[in-house]
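The values are calculated or read from the model by the stated rules, or taken from the named source; none is laboratory data. Nothing here was measured: the structure is a model prediction, and the numbers come from that model. Neighbour counts are summed over all protein chains in view; Cβ atoms, including those assigned to glycine, are modelled from backbone coordinates with ideal geometry.
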């Protein structure tokens, strides 16, 4: 799996097999008008740290086991959504 950050119009960290798949998931979950010029691939380690430090809708960080499960499984997923959307 690969990891992608999109910062415009709203921040998200997306895990997917490919950039087109990440774009599709971002459009589905976050925004129908993304600016994919702001999309970049990030390393697994970078994604792991950002995801582990993020705070979700419930105002808490995910457990270590939840973070590792979501990083390691093969599901396309939005891992982090910018605070302005939560």
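Would it be correct to say that residue 69 is touching a strand residue (DSSP E or B) at 6+ places or on another chain (Cβ under 6 Å) and either in a helix (DSSP H, G or I) or modelled with pLDDT of 85 or more (or both)? No; evaluated as a whole, the condition is false for this residue. Tell me which residues, restricted to segment 9-27, are within 22 Å of residue 56 (Cα to Cα) and touching a strand residue (DSSP E or B) at 6+ places or on another chain (Cβ under 9 Å). Passing the criteria: 10, 11, 12, 13, 14, 15, 16, 22, 23, 24, 25, 26. In the set (1) at pLDDT 95 or above; (2) over 12 Å from residue 1 (Cα atoms); (3) touching a helix residue (DSSP H, G or I) at 6+ places or on another chain (Cβ under 9 Å), the condition left unmet by residue 64 is number (1).
For segment 8-23, taking the residues that are surrounded by 14 or more Cβ atoms within 10 Å (Cβ to Cβ) and without any contact (Cβ under 8 Å) to a residue 40 or more places away in the chain, the one that is farthest from the chain's Cα centre (by Cα) is identified as 9.
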